[in-house]
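Rule-based calculations on the coordinates, nothing more; no lab input. Just so it is clear, the model here is predicted, and its values are computed rather than measured. No Cβ is skipped: glycine too gets one built from the backbone with ideal geometry, and neighbour counts run over all protein chains shown.
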Amino acid sequence: MRRLAVLLCLSLSLSGFTGNVGPESEFYAGVGIGRINTAFDSDNYGEVAGTWRLKFRHFPYDDLAGWIQFGGGWTTYPSGGNFGNQIWTLNYMGGIVKDFGEFGAGMILTGDSTGVGPLLVLPSFRLRLGPHNRIQFGFGILDEAPYWASGGAMHFEAIVTVPFEKVWAPKLKGGARLNLYAPAERFPLELFGGVEARLGKHIRVALEGTLGDGGVPGGEPSFSAALKVGGAVGPGVRSTERPQPAQ
């Protein structure tokens, strides 16, 4: 069984096609920090997480590809938090990507290693509509690491490439995310923004952050920030040609 899984991963890596949707192997690590101050909890937190994503051989259409994604993270709450203070998170997703957007779904396994908090299995979801090199509108639930800092938990966003259709152009993000810690009687959304830039052919750097109501009248606001550093390798990284079937 283990050999079969290894051969499957290798076959996906060795197959492929040219174009701007693949094949690509993407990977990054992220560091996040945040502050919560609600009627139920008041604490700082930090998070370290990473993701590996593979866009593999196309289907029988010239601009459609599949992808799989694996990720993991570790979150710590120095004062304990409501869910413990050593939270581990594992992620698996799969989906499709086309020239007008992408869709994916999977699950998150998360729990506290100190035995304080519960072990949870949660859905993971991503939907983006629009061309990747112009403007996209997206919705995601636990689809990007870090999972709890920045916009990871649940976010609505617009992603704009400025200027359009340039490989090196930065992507600007703006929208809102759900504040998991705000009590129900307070406004549950907070502002979300970020920027992603390519440095050279393979390196990508992103900075994201949120700011919102902490949940306590007259109290401190909640906030989070995350820095991501990663890259992508494969024929699809820089090509602006329309994807073509593999030979």
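Once the piece of chain linking residue 90 and residue 114 is laid out straight, how much longer is it, given 0.36 nm per residue of separation minus the C-alpha distance between them?
7.0 nm
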Query raised in the report: Simple spin-label model, 7 Å along Cα-to-Cβ: residue 205 to residue 172 in nm?
Result: 1.9 nm
**Report entry** Length added when fully stretched, residue 100-residue 233, from 0.36 nm per residue minus Cα-Cα
**Finding:** 45.7 nm
Report summary line: With R₀ set to 22 angstrom, the calculated FRET efficiency between the beta-carbons of residue 107 and residue 31, to the nearest 0.05, is 0.35
Report summary line: residue 180 and residue 129 label points (each 7 Å along its Cα→Cβ direction) are spaced in nm at 2.7 nm
**Report entry** Relative packing of 136-148, 86-98, which averages over residues the other C-beta atoms within 10 Å, highest first
**Finding:** 136-148, 86-98
